[in-house]
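Down below is the structure, laid out as structure tokens.
The values are calculated or read from the model by the stated rules, or taken from the named source; none is laboratory data. Predicted, not measured: the structure shown is a model, and the values here were computed from it. All Cβ positions, glycine included, derive from the backbone under ideal geometry; neighbour counts span all protein chains shown. Note: areas computed on protein heavy atoms with side chains; ligands, DNA, RNA excluded. Shrake-Rupley method; radii C 1.70, N 1.55, O 1.52, S 1.80 Å.
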Amino acid sequence: MLKPSPPPSSREGGIVYPTDVCGNTTYSRDYLGRNCLLPALQEGDIIAILDTGAYGYAMSSHFLHRPRPAEVLITANGQHRLMRKREDYSVLLSNQVLE
């Protein structure tokens, strides 16, 4: 059943919208957040998800034939450092035996 979204609201000088943040799978319950108040986003914008569960490396798998994500450490003072590179599609094929 579809329900109407609540209208946008104002938060600290900017307009925010109730937003569902979904994962990159086709699984219908693949939500990282529901009704998160976010500003209008554009393609290419980056948002930080602090608790990722199975989207983090430790709990990740190749479920649905997806490469594992990169991991980035963000320090208390806002600096960031790449901790683990993102896998590419070749990792998924490297152990397949095609005979």
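Would it be correct to say that Ala40 is open to solvent by 80 Å² or more (accessible area, probe 1.4 Å) and either in contact with an Asp or Glu (Cβ under 7 Å, 6 or more places away or on another chain) or of a type in the set (Gly, Ala, Ser) (or both)? For Ala40, the condition - open to solvent by 80 Å² or more (accessible area, probe 1.4 Å) and either in contact with an Asp or Glu (Cβ under 7 Å, 6 or more places away or on another chain) or of a type in the set (Gly, Ala, Ser) (or both) - is not met. The residue list Ile47, Ile15 contains one member that is open to solvent by 60 Å² or more (accessible area, probe 1.4 Å), in a loop (DSSP other than H, G, I, E, B) and at pLDDT 70 or above, which is Ile47. For the stretch 50-99, filtering for residues that are outside any strand (DSSP E or B), open to solvent by 100 Å² or more (accessible area, probe 1.4 Å) and not hydrophobic (A, V, I, L, M, F, W, C) leaves 8.
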